[in-house]
Amino acid sequence: FFGTIHYTSAGNPAKYAERIKEAGVRVIHKVSNLREGKKAEGAGVDAVVAMGYEAGGIIGRSGISSFCLIPELADNLNIPVIAAGGIADARGFAAAMILGAEGVEIGTRLLATKECPVPGKIKEAVLKSTCDSTIVLESPVVMRVLRPELTGSDSPAPAGQVSGIIKEILSVKEVIERIVDQKFVEF
Ligand SMILES: Cc1cc2nc3c(=O)[nH]c(=O)nc-3n(C[C@H](O)[C@H](O)[C@H](O)COP(=O)(O)O)c2cc1C
């Protein structure tokens with residue numbers, strides 16, 4: 001799965017998938033339920049990202065957790081499923097692979113890294129979090145963010161429920177190495 005990849009989310013991939021593929025670029029589309037997954041597959045995308053409801057950022061209205069969404073998509077689609085939502089370490093990675101994912105997308109864990117350019121107070125808020133430290137904003141888009149009392153600000157700070165198990169600022173390299181080194185599953 002090498003080469004240039006174009007990543008689309010939120011909306012109908014059919015609009016762009018054909019043109020992007022004609023240019024020799026692979027397309028990955030983010031979905032939050034099986035209906036969207038089938039639509040994306042029908043539009044010719046190369047893979048889908050399964051966006052679980054526990055994820056940080058824009059999550060859609062489906063409300064389906066990664067534990068249910070990954071196997072449902074893996075069972076019903078013929079294209080690879082990449083898991084997103086709730087993965088911060090080797091345990092989450094292994095769980096996603098066992099549930100049928102062929103890769104993972106990690107968001108919140110990378111917020112609390114040395115390289116991430118967000119303000120320090122956002123990183124500190126992630127470290128202070130428990131798994132109920134996020135809320136879902138309904139408007140203008142459905143988005144999971146840190147509770148404003150944790151960040152001390154009303155501007156939305158996207159982060160997922162998995163914040164609750166992140167207790168250290170690491171480098172991106174350390175995050176990846178810890179996942180790779182603690183081998184729960186073979187690559
Ligand atoms: C700070 C932040 C910003 C994000 N911005 C986007 C975005 O612009 N577009 C998008 O499709 N997903 C976005 N996401 C979602 C991530 O790409 C990823 O799917 C999600 O964070 C995975 O769940 P996790 O946070 O539990 O790891 C964002 C996530 C975070 C934490």
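Taking trypsin sites (Lys or Arg not before Pro) in DSSP loop states with no more than 13 other Cβ atoms inside 10 Å as exposed sites, the chain has its longest site-free stretch at 1-60.
Computed as a quarter of the hull surface, the mean projected area of the alpha carbon convex hull for the chain stands at 10.7 nm². Note on Cys131 and Lys183: the model spin-label points, each 7 Å out from Cα along the C-beta direction, lie 2.9 nm apart.
Considering all C-alpha pairs of segment 96-187, those separated by over 23 Å amount to 30%. Measuring gaps between exposed loop sites in the chain (GluC sites (Glu not before Pro); DSSP loop; at most 14 other Cβ atoms within 10 Å), the longest gap, sites not included, is 1-101.
Only helical DSSP H runs with n ≥ 4 go in: add -39500 (n - 2.57) per run for the chain, normalise by residue count and round the 222 nm mean residue ellipticity to 500 deg cm²/dmol.
Mean residue ellipticity at 222 nm (helix-derived): -9500 deg cm²/dmol.
Note on segment 1-99: Rg/Rh from C-alpha atoms, Kirkwood Rh, equals 0.96. Gyration tensor analysis over the Cα atoms of segment 121-162 returns equivalent ellipsoid semi-axes of 16, 11, 7 Å (largest first, whole Å).
Take the Cα of Val141, step 7 Å toward its Cβ, do the same at Asn12, and the gap between the two points is 1.9 nm.
Taken together, the values in this text are just the output of simple stated rules run on the coordinates, not laboratory data. Note that this is a predicted model, so its numbers are computed, not measured. With ideal geometry, Cβ positions are generated from the backbone for all residues, glycine too; neighbour counts draw on all protein chains shown.
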